[in-house]
Amino acid sequence: MTALLEVKDLKVAYGKIEAVKGISFEVNEGEIVCLVGTNGAGKTTTLRTLSGLLKPVGGTVTFDGKPLAQVPAHKIVSLGLAHSPEGRHIFPRLTIAENLQLGAFLRTDKEGIEKDVERAYEMFPILGERRKQAAGTLSGGEQQMLAMGRALMSRPKLLMLDEPSMGLSPLMMQKIMATIAELKATGTTILLVEQNAQAALSLADQAHVMEIGKIVLSGSGQELLHNEDVRKAYLGED
Ligand code: ATP
């Protein structure tokens, strides 16, 4: 089987600072692959590079059989790679409905778009109830839902989620994690970056631990969840 996403020896730098120092991993269709690691490990930098916002200084990225090196960010979305960024980046003055519509900016199938907006409201009923309100009035967790709903509006082959549980209450976090599991069940392939290693590893088919720009450990989500070093470093056990 060829992987949907293949990352080989990827290197990314901010000037002289090497943030990602040659990492390799794959994401197969239908899987949830998770990157975990402490602050500054290079997880966000990796996602931003995959979506074309940063240019790598080395290595290759192949998505759906195509090399991404020379593809500009806006074209990458049209290839089927969507990114729900850290800190959410919704448009606070636009309504919830308008924010969702923006996620479909490359599509012209009006009926399909309407259907997917409805699907987002089914997935997150609170968004449907408040569809005409400015998105800035939503709580942090609700804004996270909107960011995920918006990323899904491009009908991506691969959905990249950066820290979807950041700043959320435990209840809201459970809801987001349950939604990620639901998305997988409906066939969405997901690359998930999370600081909350317990929740993320429980969902992941494959997972990689990053430390200062490198992948230091890889395995199935369950393997890493039961790995002693991971438990000590990321799950708060002595
Ligand atoms: P976090 O969870 O805190 O976002 P992360 O694993 O996503 O951590 P990155 O944000 O990718 O890590 O950061 C990797 C390294 O690159 C860090 O050392 C960080 O300080 C550095 N870095 C990130 N953004 C920039 C930037 N715009 N300019 C310079 N250095 C940066």
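The values are calculated or read from the model by the stated rules, or taken from the named source; none is laboratory data. Nothing here was measured: the structure is a model prediction, and the numbers come from that model. Using ideal geometry, Cβ is built from the backbone for each residue, glycine included, and neighbour counts are taken over all protein chains shown.
Considering only the range 77-99, state which residues are modelled with pLDDT of 90 or more and surrounded by fewer than 20 Cβ atoms within 10 Å (Cβ to Cβ).
Hits for the range 77-99 are L79, G80, F91, P92, R93, L94, T95, A97, E98.
Could you grab the pairs with beta carbons closer than 7 Å, sequence gap of 6+ or different chains, first residue in the range 33-52 and touching a residue at least 60 places away in the same chain (Cβ under 8 Å) and over 20 Å from Q206 (Cα atoms), second one more than 8 Å from the ligand (Cβ to nearest atom) and not in a helix (DSSP H, G or I)?
Close Cβ pairs (under 7 Å, with a partner that is more than 8 Å from the ligand (Cβ to nearest atom) and not in a helix (DSSP H, G or I)) amount to S51/L81; S51/H83; S51/M160.
Against the condition more than 16 Å from the ligand (Cβ to nearest atom), among the aliphatic types (A, V, I, L, M) and under 27 Å from D64 (Cβ atoms), how does A178 come out, does it pass?
No; evaluated as a whole, the condition is false for this residue.
Within the set of pairs 6 or more residues apart or between chains, which connect a residue that is on the phi < 0 side of the Ramachandran plot inside the range 75-92 to a residue that is at pLDDT 90 or above and among the aromatic types (F, W, Y) with Cβ atoms less than 7 Å apart?
Here the result reads L79/F63; L81/F63, each pair linking the range 75-92 to a residue that is at pLDDT 90 or above and among the aromatic types (F, W, Y).
Give the residue that is surrounded by the fewest Cβ atoms within 10 Å (Cβ to Cβ), with candidates limited to residues of the range 1-29 that are aliphatic (A, V, I, L, M) and at pLDDT below 95.
It comes out as M1.
Is it true that G140 is farther than 28 Å from G103 by Cα and not polar (S, T, N, Q)?
Considered against the rule, which asks whether it is farther than 28 Å from G103 by Cα and not polar (S, T, N, Q), G140 comes out as no.
Can you name the residue in the range 9-47 that is out of contact with any helix residue (DSSP H, G or I) (no Cβ under 7 Å at 6 or more places or on another chain) and among the small types (G, A, S) and, of all such residues, is farthest from the ligand (Cβ to nearest atom)?
Among them, the one singled out is G30.
Kindly indicate whether any position in the range 151-173 is under 13 Å from E31 (Cα atoms), within 12 Å of the chain's Cα centre (by Cα) and polar (S, T, N, Q).
Checked the range 151-173: no residue is under 13 Å from E31 (Cα atoms), within 12 Å of the chain's Cα centre (by Cα) and polar (S, T, N, Q).
Looking at the range 153-174, which of its residues are surrounded by fewer than 22 Cβ atoms within 10 Å (Cβ to Cβ) and at pLDDT 90 or above?
If the condition is that a residue be surrounded by fewer than 22 Cβ atoms within 10 Å (Cβ to Cβ) and at pLDDT 90 or above, then P156, K157 are the ones that fit.
Here are some residues: E237, E194. Which one is exposed (fewer than 15 other Cβ atoms within 10 Å of the Cβ) and either at pLDDT below 95 or within 16 Å of the ligand (Cβ to nearest atom) (or both)? Spell out the reasoning first.
Values: E194 fails: exposed (fewer than 15 other Cβ atoms within 10 Å of the Cβ).
Every option except E237 fails the conditions.
Tell me which of these T46 doesn't satisfy, since it passes every other one: (1) surrounded by fewer than 21 Cβ atoms within 10 Å (Cβ to Cβ); (2) within 19 Å of I190 (Cα to Cα); (3) among the hydroxyl-bearing types (S, T, Y).
Going through the list (1) surrounded by fewer than 21 Cβ atoms within 10 Å (Cβ to Cβ); (2) within 19 Å of I190 (Cα to Cα); (3) among the hydroxyl-bearing types (S, T, Y), T46 breaks only (1).
Just need a number here: residues in the range 100-125 that are surrounded by fewer than 16 Cβ atoms within 10 Å (Cβ to Cβ) and either among the β-branched types (V, I, T) or part of a helix (DSSP H, G or I) (or both).
11
Is there a residue in the range 59-67 that is at pLDDT below 95 and under 28 Å from M166 (Cα atoms)?
For the range 59-67, residues at pLDDT below 95 and under 28 Å from M166 (Cα atoms): absent.
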